[in-house]
Amino acid sequence: MLETTEHHVKNSRGLAEFMKDFTIAEDEEFVSHDVVALFTSTPIPETLEYIKNELTKDVTLKDRTNLDVGDIMELLEFICNTTYFIFDGTIMQQKFGTAMGSPVSDAVANFYMEKLEQKALSTTPVNCKLR
């Protein structure tokens with residue numbers, strides 16, 4: 001589930017704590033990736049499918065909510081696909097990504113990053129050592 005991946009760092013303080021005793025060998029490189037416009041770059045259908053799969057696998061879900069996976073997904077899909085805003089006096093609908101300021105946008109974007117991380121790590125060449 002969210003924020004439980006091996007390489008998750010919650011914030012810059014967590015990264016600093018992780019790095020304080022970290023030594024990089026001469027034959028190693030430290031690589032850090034950043035995302036530009038994360039919320040508006042998050043693909044909603046792909047991310048919702050990932051979230052659905054993760055919720056389906058979560059055996060503790062029933063201990064935290066009376067909603068089933070279908071109910072949660074219906075609500076999430078509605079929230080993610082009804083993003084309207086006013087620009088220059090005109091009502092517009094956001095067509096891609098999650099809305100800035102939406103209470104679920106950070107969680108949805110983090111799920112997408114988790115999915116992306118898993119894909120990247122599973123396709124990393126064996127000669128690229130991760131710690």
* Asked: Just the Cα atoms of the range 12-122: what Rg and Dmax do they give in Å?
  -> 18.0, 57
* To do: Give the order of C80, C128 when sorted by the count of other beta carbons within 10 angstrom, beginning with the fewest.
  => C128, C80
* Asked: Which angle from 0 to 90°, rounded to the nearest 10, does the C-alpha axis of helix 44-57 make with the longest principal axis of the chain?
  -> 70 degrees
* To do: Evaluate the relative contact order of the chain (contact order divided by residue number), counting alpha-carbon pairs under 8 angstrom at least 6 apart; express in whole percent.
  => 33 percent
* Dipole of the chain (Lys/Arg Cβ +1, Asp/Glu Cβ -1, origin at the Cα centre): which of T40, L121, P103 lies farthest to the positive side? -> P103
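No lab work stands behind these numbers, since they all come straight from the coordinates. Keep in mind the model is a prediction, meaning the values are calculated, not measured. As a convention, Cβ positions derive from the backbone with ideal geometry for all residues, glycine included, and neighbour counts pool all protein chains shown.
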